[in-house]
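Input: one structure, supplied below.
The values are calculated or read from the model by the stated rules, or taken from the named source; none is laboratory data. This one's a predicted model, so the numbers in the text were calculated from it and none came from an experiment. A quick note on method: Cβ atoms are made from the backbone with ideal geometry, for glycine too, and the neighbour counts reach across all protein chains shown. What goes into the accessible areas is simple: the full protein's heavy atoms, side chains included, and nothing from ligands, DNA or RNA. Shrake-Rupley method; radii C 1.70, N 1.55, O 1.52, S 1.80 Å.
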Amino acid sequence: MKRWIRRFPWRSSERAATAAIPVTSPAGAQSAPPEVEHANDRDVGVPSLALDLAATPAAVPLVRHRVMAFAGENGANLEVQSRIGAAVTEAVANAVIHAYPDGEGAVTCDCDVEQRMLEIVVADRGDGFRPGDSPGLGIGLAIIAGCSDHFWIHQGGEDPGVSVWMRFALD
């Protein structure tokens, strides 16, 4: 099974780099707890966290708690951790609810800290944004934008699905 550690394109040193680098990890049973990988310094050179889970409702609190703990370990105060928790909850919930209307899929969350900024990417490989009615209230992206210091959405390109990119100042 291939795992991906995402590179962050807003960093000038990485704009010319590939969008992601593959990392091999053992395949696990769906019922097993999600695997957490801490990339070594050779891979990304900064504190990092990578999660890859089935896109189910159980993924939402699990990702939220792991990312908030990672943020706290890297200097985020309680107010910042709270904003991170709300934004990550919305991003993962959006993937769970909207990405795979016809079946199962995965949601990934990749985080790293560089220059006192926590960068988080929540991604799925689902259908992306579609026209028509949404089963949600339609406020999730606004919540993410309001909680994060910087916020981008990427859809299309080589990889299917949607990537929600968020940055939070840790100071």
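When you check Val46 against the structure, is it part of a loop (DSSP other than H, G, I, E, B) and open to solvent by less than 40 Å² (accessible area, probe 1.4 Å), yes or no?
Numbers: part of a loop (DSSP other than H, G, I, E, B): yes; open to solvent by less than 40 Å² (accessible area, probe 1.4 Å): yes.
It is true that Val46 is part of a loop (DSSP other than H, G, I, E, B) and open to solvent by less than 40 Å² (accessible area, probe 1.4 Å).
Within segment 40-72, track down each residue that is over 11 Å from the mean Cα position of the chain (by Cα) and among the small types (Gly, Ala, Ser).
Selection gives Gly45, Ser48, Ala54, Ala55, Ala58, Ala59, Ala69, Ala71, Gly72.
If you go through segment 148-163 one residue at a time, how many are among the charged types (D, E, K, R) and touching a Phe, Trp or Tyr at 6+ places or on another chain (Cβ under 7 Å)?
Let us first name the residues in segment 148-163 that are among the charged types (D, E, K, R), namely 149, 158-159.
Adding the requirement that they be touching a Phe, Trp or Tyr at 6+ places or on another chain (Cβ under 7 Å) leaves 149.
Adding up the residues that qualify gives 1.
Given the structure, is Ala86 in contact (Cβ under 8 Å) with a residue 12 or more places away in the chain, in contact with a Gly (Cβ under 9 Å, 6 or more places away or on another chain), open to solvent by less than 50 Å² (accessible area, probe 1.4 Å) and not in a strand (DSSP E or B)? Full working, then the answer.
Numbers: in contact (Cβ under 8 Å) with a residue 12 or more places away in the chain: yes; in contact with a Gly (Cβ under 9 Å, 6 or more places away or on another chain): yes; open to solvent by less than 50 Å² (accessible area, probe 1.4 Å): yes; not in a strand (DSSP E or B): yes.
Yes, satisfied.
Tell me yes or no: at least one residue of segment 134-143 is crowded, with 22+ Cβ neighbours inside 10 Å, touching a helix residue (DSSP H, G or I) at 6+ places or on another chain (Cβ under 7 Å) and either hydrophobic (A, V, I, L, M, F, W, C) or closer than 13 Å to Met166 by Cβ (or both). Talk me through it step by step, then tell me what you get.
Taking segment 134-143 as the starting set, the residues that turn out to be crowded, with 22+ Cβ neighbours inside 10 Å are none.
Among the residues of segment 134-143, not one is crowded, with 22+ Cβ neighbours inside 10 Å, touching a helix residue (DSSP H, G or I) at 6+ places or on another chain (Cβ under 7 Å) and either hydrophobic (A, V, I, L, M, F, W, C) or closer than 13 Å to Met166 by Cβ (or both), which makes the answer no.
Suppose we keep only residues that are part of a strand (DSSP E or B) and open to solvent by 50 Å² or more (accessible area, probe 1.4 Å) within segment 144-171. Which one would you say is farthest from Gly85 (Cα to Cα)? Write out each step before concluding.
Filtering segment 144-171 for residues part of a strand (DSSP E or B) gives 150-155, 162-169.
Now narrow it down to the ones that are open to solvent by 50 Å² or more (accessible area, probe 1.4 Å): 150-155.
Working: His150: 15, Phe151: 15, Trp152: 17, Ile153: 18, His154: 21, Gln155: 23 Å.
Result: Gln155.
Only one of these conditions is not met by Leu78: (1) touching an Asp or Glu at 6+ places or on another chain (Cβ under 7 Å); (2) modelled with pLDDT of 95 or more. Which number is it?
Against the list (1) touching an Asp or Glu at 6+ places or on another chain (Cβ under 7 Å); (2) modelled with pLDDT of 95 or more, Leu78 comes up short only on (1).
Next question, about the same structure. Which members of segment 97-112 meet the condition of being crowded, with 20+ Cβ neighbours inside 10 Å and assigned to a helix (DSSP H, G or I)?
Listed by number, the list holds a single entry, His98.
While we're on this one: Considering each of Gly161, Gly103, Gly75, Gly146 in turn, give the residue that is over 13 Å from the mean Cα position of the chain (by Cα), of a type outside the set (D, E, K, R) and under 14 Å from Ala55 (Cβ atoms).
Gly103
For Thr56, indicate whether it is modelled with pLDDT of 90 or more and assigned to a loop (DSSP other than H, G, I, E, B). Spell out the reasoning first.
Working: modelled with pLDDT of 90 or more: yes; assigned to a loop (DSSP other than H, G, I, E, B): yes.
So Thr56 fits the description; yes.
Out of segment 106-127, which residues are more than 10 Å from the chain's Cα centre (by Cα), modelled with pLDDT of 95 or more and over 14 Å from Val60 (Cα atoms)? Break it down stepwise before answering.
Our first condition is that a residue be more than 10 Å from the chain's Cα centre (by Cα); within segment 106-127, this holds for 106, 112-118, 125-127.
Then drop every residue that is not modelled with pLDDT of 95 or more, which leaves 106, 112-113, 117-118.
Listed by number, the residues that qualify are Asp112, Val113, Met117, Leu118.
Look at segment 113-124 and say how many of its residues are over 11 Å from Phe168 (Cβ atoms) and either surrounded by fewer than 20 Cβ atoms within 10 Å (Cβ to Cβ) or of a type in the set (Ser, Thr, Tyr) (or both). Steps first, please.
Filtering segment 113-124 down to residues over 11 Å from Phe168 (Cβ atoms) leaves 114-115, 121-124.
Of the ones still in play, those that are also either surrounded by fewer than 20 Cβ atoms within 10 Å (Cβ to Cβ) or of a type in the set (Ser, Thr, Tyr) (or both) are 114-115.
Looking only at that region, the number is 2.
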